[in-house]
Each structure stands twice: as C-alpha cells, then as structure tokens.
C-alpha cells in the first residue's frame with residue numbers, strides 16, 4: 001500500500017505542475033489570439049482554448065479523484081501520519097476548488113488560488129516523500145507504542 005500511496009501523492013504533485021503549464025498555455029493562447037487581431041471579450045470561446053480546457057479537466061476532475069483515492073488508500077497504508085497528510089492534501093484540493101469561485105469574484109482570489117496550488121504541490125510531495133522514509137521497523141515500533 002505504501003507504493004500506491006506514494007504513487008498517488010506524486011501523481012497529484014505532477015498534476016499540479018501540469019495545471020500550471022496548462023493555465024500558462026491558456027493565457028498565452030489568449031495573448032497570441034489578441035496579437036493576431038482577435039478580441040478577448042465576454043463572448044470569448046473558452047472551449048476553443050486547449051490550455052483552459054485542460055486546466056478545467058485537471059482541476060475539477062482528475063486531481064480531486066486522485067486526492068480521494070489517496071485519502072482512501074491512506075487508511076490502509078500502515079505508515080505513521082499517512083492519513084493526516086492525505087487529509088491535508090484533500091483539504092487543500094477542496095480549498096483550491098473553493099478559491100476558483102472566489103477568483104471569479106475578485107482578482108485577489110486568483111492570487112490565492114495560485115498560492116494554494118503551491119501549498120498543494122508541496123503537501124503532495126511531502127506526503128509521498130514521508131511514506132518513503134518510514135521503514136517497516138519504524139512502523140512496527142510506532143504501532144507497538146500506540147497500543
């Protein structure tokens with residue numbers, strides 16, 4: 001289970017990195033369209049912007065599913081703190097989704113969305129790294145001490 005937990009945690013971190021790349025692609029696609037004479041108005045065709053669409057699919061679909069899977073797997077991973085770290089990752093994913101709605105109300109919400117993405121990236125890396133560092137002997141000692 002530790003390898004599954006670690007893989008899910010690292011997939012979430014990779015997903016966050018891909019989210020950054022996809023939103024940059026979307027933003028720079030808009031800039032190039034405007035430079036080519038296009039107009040960025042309320043009628044902008046979001047569905048035609050690959051970067052924006054990838055960001056939406058990753059942020060509202062793939063990463064939340066990975067976070068749910070990580071949380072479920074954490075209960076079966078016999079590693080100290082695995083559930084706590086998975087819950088933190090899951091909580092940051094929920095906050096990230098909430099901050100999307102805040103971002104559409106105020107630009108500072110967009111900044112918080114970006115900062116939370118960094119926190120999520122680091123939390124996912126930390127979760128994967130910590131479960132790698134806990135040896136079976138350490139786990140057994142922790143479980144024995146807890147009982």
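Can you give me the relative contact order of the range 2-132 as a percent, contacts being Cα pairs under 8 Å and 6 or more apart?
Numbers: 138 pairs, mean separation 48.8, N = 131.
Value for the range 2-132: 37 percent.
According to the Cα gyration tensor, what semi-axes, each the square root of 5 times an eigenvalue, does the equivalent ellipsoid of the range 45-122 have, listed from largest to smallest in whole Å?
Those come to 27, 15, 8 Å.
Nearest 0.05, what FRET efficiency do residue 50 and residue 104 give at R0 = 22 Å with Cβ-Cβ as r? Intermediate results must be reported in sequence, preceding the final value.
Details: r = 21 Å, r/R0 = 0.94.
E(calc), rounded to 0.05, equals 0.60.
Please check: in the Gaussian network model of the chain (C-alpha springs, under 10 Å), which one of 87, 98, 14 has the largest mean-square fluctuation.
Largest GNM mean-square fluctuation: 98.
Measure nothing but the geometry: give the 0 to 90° angle between the long axis through the Cα atoms of 2-35 and the longest principal axis through the Cα atoms of the chain, rounded to 10°.
So the inclination is approximately 10 degrees.
If you line up the long axis of helix 82-103 against the longest principal axis of the chain, both from Cα atoms, how many degrees apart are they, to the nearest 10?
20 degrees
Which three semi-axes in whole Å describe the equivalent ellipsoid of the range 2-132, each the square root of 5 times a Cα gyration tensor eigenvalue, listed largest first?
Working from the Cα gyration tensor, I get semi-axes of 33, 14, 11 Å.
What number, in nm² with one decimal, is the all-direction average of the projected area of the convex hull of the alpha-carbon atoms of the range 75-115?
Over all viewing directions, the range 75-115 projects a mean Cα-hull area of 3.1 nm².
Can you compute the FRET efficiency between residue 97 and residue 36 using 1/(1 + (r/R0)^6), with r the Cβ-Cβ distance and R0 = 35 Å? Round to the nearest 0.05.
It comes out at approximately 0.60.
For a quick check, take a GNM of the chain with Cα springs below 10 Å and name the residue from 31, 57, 72 with the largest mean-square fluctuation.
31
Please order 46, 129 by the number of other Cβ within 10 Å, starting at the fewest.
46, 129
Stretch residue 1-residue 68 to full length: gain in nm at 0.36 nm per residue minus the Cα-Cα span?
My answer for the length gained is 22.6 nm.
Over the Cα atoms of the range 1-49, what Rg and Dmax result, in angstrom?
Cα-based Rg and Dmax for the range 1-49 come out at 16.8, 54 Å.
What ranking of 100, 73 emerges when the number of other C-beta atoms within 10 Å of each C-beta is taken as an exposure proxy, fewest first?
100, 73
Per-residue ellipticity at 222 nm for the chain, helices alone: DSSP H runs ≥ 4 residues times -39500 (n - 2.57), over residue total, nearest 500 deg cm²/dmol?
Computed ellipticity for the chain at 222 nm equals -26500 deg cm²/dmol.
Since every read-out is calculated from the coordinates, none of them should be taken as a lab result. Please read all numbers here as calculations on a predicted model, not as lab measurements. So basically every Cβ, Gly included, is an ideal-geometry build from the backbone, and we count neighbours across all protein chains shown.
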